[in-house]
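What follows is a short report on a single structure.
The values are calculated or read from the model by the stated rules, or taken from the named source; none is laboratory data. Because the structure is a prediction, the values reported are computed rather than measured. Cβ atoms come from the backbone with ideal geometry, glycine included; neighbour counts cover every protein chain shown.
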Amino acid sequence: MKGHASWMVSSQGSPPSPTEALHAVVAETDPMLRSLYRNVVLENSHYVTMGSVDTGKALFLLLARAPAHLVLLDVFLPSFGGPQGLRRLRQDFPRTDFIVLSSGDQPDVVREALCIGAFDFLVKPFPFDRLRRALEAYAFFHYGLTKKSGPWCQEELDSLLQYRRGKAEDRRIKEDFPREAFPPKGLQAKLLDAFCAILQSSPTPLSAREAGLMLRVARSTARRYLEHLVDTGKAGFVYGYREVGRPVKSYHSLVPGKQNRTQQTISVPFS
């Protein structure tokens with residue numbers, strides 16, 4: 001059905017926070033391809049899908065209501081306007097990036113898409129592994145670019161730009177940027193934010209068991225998230241000793257921007 005669009009509005013029109021998962025939109029006419037692309041996006045733990053559209057008009061309407069990080073775009077989408085639509089997309093939504101998934105029959109269109117700023121161009125038909133690599137490359141590029149807080153050096157930029165050049169197999173970038181820029185696979189951004197929030201709001205340190213009960217997840221799951229927050233400098237921990245049994249490790253929020261892992265040992269009476 002032409003004009004089809006589905007979306008999830010979560011931010012009242014404000015750009016998604018870079019600490020959240022990457023929000024992706026699929027813009028493709030073919031309903032089967034829309035579904036397949038969406039499934040590939042959801043395979044990658046860095047992403048959530050905001051929705052899908054099958055016309056250019058629906059795409060611009062969706063982005064106006066809920067800005068996205070990335071659009072998977074067929075540049076020949078009905079009512080999109082080809083390269084002219086790309087220029088409008090870049091002008092109206094400068095913080096939204098796009099990966100073009102289109103025919104390569106018109107070299108001028110490919111050239112213009114890349115000049116306008118497409119992160120990547122995949123020529124139909126393409127293997128889905130190529131799309132997976134493009135999504136992974138964009139995630140690393142985006143996190144590396146937005147999480148950098150200090151001055152850049154040339155080696156860091158060269159490493160980052162490997163991803164823009166399609167060399168996603170080069171993982172040196174992970175060594176050049178803070179660990180928080182690359183959340184481990186299997187950790188959900190929303191749940192990670194929830195653990196940050198309960199630590200910040202708690203007047204006393206929380207054990208993995210206590211935090212897990214608050215968020216209704218297993219203690220082992222809570223420990224993974226809490227240890228990641230410690231590793232990235234967002235949380236510290238203390239030990240509470242019982243008269244009998246193993247000490248209990250509890251976690252507390254650190255002052256924003258403090259990147260040192262802190263470890264203290266204290267005695268806490270337990271009933």
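Numerical summary
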item	result
Residue identified as free of Cβ contacts under 8 Å to residues at least 12 places away in the same chain and at negative phi among ALA222, ALA208, ALA218, ALA235	ALA218
Test set (1) surrounded by 15 or more Cβ atoms within 10 Å (Cβ to Cβ); (2) outside any helix (DSSP H, G or I); (3) at pLDDT below 75; (4) of a type outside the set (Ser, Thr, Tyr) - PRO184 fails condition number	(1)
Helices (runs of 4 or more DSSP H) lying entirely in region 17-105 (those with 2 or more residues that are surrounded by fewer than 22 Cβ atoms within 10 Å (Cβ to Cβ) and aliphatic (A, V, I, L, M))	31-43, 56-65
Residues located in region 106-122, provided they are of a type outside the set (S, T, N, Q) and either farther than 18 Å from LEU70 by Cα or in a loop (DSSP other than H, G, I, E, B) (or both)	PRO107, ASP108, VAL109, VAL110, ARG111, GLU112, GLY117, ALA118, PHE119
Flag if HIS252 is outside any loop (DSSP other than H, G, I, E, B), touching a Leu at 6+ places or on another chain (Cβ under 7 Å) and modelled with pLDDT under 90	no
Residue in region 217-240 that is modelled with pLDDT of 90 or more, assigned to a strand (DSSP E or B) and among the polar types (S, T, N, Q) present	no
Unique match (being modelled with pLDDT under 95, part of a loop (DSSP other than H, G, I, E, B) and not β-branched (Val, Ile, Thr)) among SER11, SER6	SER11
Condition check for PHE128: within 24 Å of PRO94 (Cα to Cα) and among the aromatic types (Phe, Trp, Tyr)	no
